[in-house]
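Asker: One structure, as structure tokens, below. Some questions next.
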Amino acid sequence: MTTDTTIGPQMDRAAQGTDPRGWLVFHWLPDDLQRAEDSTAVNDRDQMRPRGFERPATDTERTLLAHLGYQLPDELVTVVRYRTRGVRNRRWPQLEEDVTP
């Protein structure tokens, strides 16, 4: 993975918790992280279910969440829901009570 200093700032609405996509919305990402995020988005779309689904957090999600200051458990679950056909929302209920960032 890449170093944290190359990750762009988090978008304001994501930082405020009001972005429908969730917390991991940045102004830019380094190429390797962006490719990994794009791949995850395609895989999530292929798994799309009406009520959403859960999966283990990817290494990239873990990198980005740690970059935001979250203390990550060994096993972290990502909850994926689609607000619309094109808007994927990711949540980490295990971290939602963590007030670190």
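The values are calculated or read from the model by the stated rules, or taken from the named source; none is laboratory data. Just so you know, these numbers come straight off a predicted model, no measurement behind them. With ideal geometry, Cβ positions are generated from the backbone for all residues, glycine too; neighbour counts draw on all protein chains shown.
Asker: Can you name the residue in the stretch 3-28 that is hydrophobic (A, V, I, L, M, F, W, C), free of Cβ contacts under 8 Å to residues at least 24 places away in the same chain and in a loop (DSSP other than H, G, I, E, B) and, of all such residues, is surrounded by the fewest Cβ atoms within 10 Å (Cβ to Cβ)?
Answerer: Trp28
Asker: Of (1) under 23 Å from Asn43 (Cα atoms); (2) touching a residue at least 12 places away in the same chain (Cβ under 8 Å), Gln71 satisfies all except one. Which?
Answerer: (1)
Asker: For Leu68, are the conditions met, namely being touching a helix residue (DSSP H, G or I) at 6+ places or on another chain (Cβ under 7 Å) and aliphatic (A, V, I, L, M)?
Answerer: On the way: touching a helix residue (DSSP H, G or I) at 6+ places or on another chain (Cβ under 7 Å): no; aliphatic (A, V, I, L, M): yes.
Answer is no for this residue.
Asker: Right, here's the next one. Those residues that are in contact with an Asp or Glu (Cβ under 9 Å, 6 or more places away or on another chain) and of a type in the set (A, V, I, L, M), I need them from the stretch 15-53; list them, please.
Answerer: Across the stretch 15-53, the qualifying residues are Leu24, Val25, Leu29, Ala36.
Asker: Would a scan of the stretch 45-54 turn up a residue that is more than 12 Å from the chain's Cα centre (by Cα), part of a loop (DSSP other than H, G, I, E, B), under 21 Å from Gly17 (Cβ atoms) and at pLDDT below 95?
Answerer: yes
Asker: Confirm whether Ala36 is hydrophobic (A, V, I, L, M, F, W, C), closer than 25 Å to Glu97 by Cα and in a helix (DSSP H, G or I). Explain how you work it out, then say what you get.
Answerer: Values: hydrophobic (A, V, I, L, M, F, W, C): yes; closer than 25 Å to Glu97 by Cα: no; in a helix (DSSP H, G or I): yes.
No, not satisfied.
Asker: A further question on this structure: Does the stretch 69-95 hold any residues that are assigned to a loop (DSSP other than H, G, I, E, B) and modelled with pLDDT of 90 or more, and which are they? It would help to see each step written out before you state the result.
Answerer: Filtering the stretch 69-95 down to residues assigned to a loop (DSSP other than H, G, I, E, B) leaves 69-76, 85-86, 92-95.
Matches in the stretch 69-95: Gly69, Tyr70, Gln71, Leu72, Pro73, Asp74, Glu75, Leu76, Trp92, Pro93, Gln94, Leu95.
Asker: Just to check your reading of the model, which residue among Leu72, Leu68, Leu64 is surrounded by 12 or more Cβ atoms within 10 Å (Cβ to Cβ), touching a Leu at 6+ places or on another chain (Cβ under 7 Å) and within 14 Å of Gln10 (Cα to Cα)? Quick ask: steps written out before the conclusion?
Answerer: Values: Leu72 fails: within 14 Å of Gln10 (Cα to Cα); Leu68 fails: touching a Leu at 6+ places or on another chain (Cβ under 7 Å).
Result: Leu64 is the single residue among Leu72, Leu68, Leu64 that is surrounded by 12 or more Cβ atoms within 10 Å (Cβ to Cβ), touching a Leu at 6+ places or on another chain (Cβ under 7 Å) and within 14 Å of Gln10 (Cα to Cα).
Asker: Scan Ala57, Ala41 and give me the residue that is closer than 22 Å to Thr18 by Cα, surrounded by fewer than 16 Cβ atoms within 10 Å (Cβ to Cβ), in contact (Cβ under 8 Å) with a residue 24 or more places away in the chain and under 12 Å from the mean Cα position of the chain (by Cα). Even if it seems obvious, please write down each step before you answer.
Answerer: Details: Ala57 fails: surrounded by fewer than 16 Cβ atoms within 10 Å (Cβ to Cβ).
Result: Ala41 is the single residue among Ala57, Ala41 that is closer than 22 Å to Thr18 by Cα, surrounded by fewer than 16 Cβ atoms within 10 Å (Cβ to Cβ), in contact (Cβ under 8 Å) with a residue 24 or more places away in the chain and under 12 Å from the mean Cα position of the chain (by Cα).
Asker: Which of the numbered conditions does Gln16 fail, given that it passes all the others? Conditions: (1) of a type in the set (S, T, N, Q); (2) more than 16 Å from Leu65 (Cα to Cα); (3) modelled with pLDDT of 95 or more.
Answerer: Unmet for Gln16, out of (1) of a type in the set (S, T, N, Q); (2) more than 16 Å from Leu65 (Cα to Cα); (3) modelled with pLDDT of 95 or more: (2).
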